[in-house]
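Visitor: Take this structure, written in structure tokens, and hold onto it; I'll ask about it next.
The values are calculated or read from the model by the stated rules, or taken from the named source; none is laboratory data. Everything numeric here is computed off the predicted structure, so don't read it as measured data. Reconstructed Cβ throughout: ideal geometry from the backbone, glycine too, with neighbour counts over all protein chains shown.
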Amino acid sequence: MTIVPGLDTALVLRSAVTGGRRQAFATALGINTGVLIWGAGAAVGISALLTASELAYTVLRFAGAAYMVWLGASMLWRARRAGQGAEPDRPVAAPGGVGRAWVRGVATNLLNPKIGVFYVALLPQFIPQGAPHLLTGVLLALVHNLEGMVWFTLLIVGTQLARGWLGRAPVRRVMDRLTGTVLIGFGLRLALSKD
């Protein structure tokens with residue numbers, strides 16, 4: 001599950017190309033913070049609310065979809081503006097720095113109700129009878145985080161090896177267009193999905 005390409009992978013790759021190693025790791029840590037929150041929520045039954053309450057799930061689904069579409073549209077707009085002006089052919093940090101990269105990772109993960117549903121479906125079956133739910137849920141989420149960080153580290157290091165080429169202005173614009181399109185696609189898919 002950890003290495004299946006998806007929204008998290010696209011965000012970390014984009015951060016590695018546009019912002020460098022620090023921003024990419026901040027994005028990955030933000031995503032993993034969201035995983036910990038969902039894991040704790042699933043352990044204490046909060047994400048079960050998403051399964052039981054159609055209204056709560058729908059509200060979170062539309063909020064997540066709107067955020068993803070907004071984030072994707074921002075990337076497309078930046079790529080379009082950069083393509084119209086004289087942009088230097090060198091790597092440039094993404095706006096906002098490390099803190100903003102972390103927040104982007106957290107928000108993207110928390111506003112995706114499918115992560116919560118995934119955790120509520122998966123996590124309880126691994127909690128032993130009589131074990132403290134919150135502690136066990138957080139420990140299981142930490143295992144998922146560890147796997148995720150190993151995967152993200154491989155992606156970031158691989159991207160850094162090719163950053164000279166990937167950091168060129170035309171490649172950055174293509175990366176922003178591609179990631180923006182993927183984010184909009186995920187957002188629309190989330191908004192239009194019934195489950």
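Visitor: Tell me which of these Leu146 doesn't satisfy, since it passes every other one: (1) surrounded by fewer than 16 Cβ atoms within 10 Å (Cβ to Cβ); (2) touching a residue at least 40 places away in the same chain (Cβ under 8 Å).
Guide: Unmet condition: (2).
Visitor: Also, I was wondering about something else. For the range 96-143, give me each residue that is among the β-branched types (Val, Ile, Thr), in contact (Cβ under 8 Å) with a residue 24 or more places away in the chain and within 15 Å of Gly34 (Cα to Cα).
Guide: The initial filter retains those residues of the range 96-143 that are among the β-branched types (Val, Ile, Thr), namely 98, 103, 106, 108, 115, 117, 120, 127, 136, 138, 143.
In the following step, the residues that additionally are in contact (Cβ under 8 Å) with a residue 24 or more places away in the chain were identified as 98, 103, 106, 108, 115, 117, 120, 127, 136, 138.
Hits for the range 96-143 are Val103, Val106, Thr108, Ile115, Val117, Val120, Val138.
Visitor: Right, another one. Out of curiosity, is Ala40 among the small types (Gly, Ala, Ser), closer than 30 Å to Phe25 by Cβ, at pLDDT 75 or above and out of contact with any His (no Cβ under 7 Å at 6 or more places or on another chain)?
Guide: Details: among the small types (Gly, Ala, Ser): yes; closer than 30 Å to Phe25 by Cβ: yes; at pLDDT 75 or above: yes; out of contact with any His (no Cβ under 7 Å at 6 or more places or on another chain): yes.
When the stated conditions are applied, Ala40 passes them.
Visitor: Any chance the range 117-130 includes a residue that's of a type in the set (A, V, I, L, M) and surrounded by fewer than 15 Cβ atoms within 10 Å (Cβ to Cβ)?
Guide: So the first thing to find is which residues in the range 117-130 are of a type in the set (A, V, I, L, M), and the list is 117, 120-123, 127.
Okay, now just the ones that are also surrounded by fewer than 15 Cβ atoms within 10 Å (Cβ to Cβ), so 121-122.
The answer is yes; a qualifying residue exists.
Visitor: From Leu110, Leu123, which residue is out of contact with any Pro (no Cβ under 6 Å at 6 or more places or on another chain) and over 26 Å from Ile184 (Cα atoms)?
Guide: Values: Leu110 fails: over 26 Å from Ile184 (Cα atoms).
Going through Leu110, Leu123 in turn, the sole match is Leu123.
Visitor: Looking at (1) modelled with pLDDT under 85; (2) farther than 24 Å from Trp102 by Cβ, find the lone condition where Leu135 falls short.
Guide: (1)
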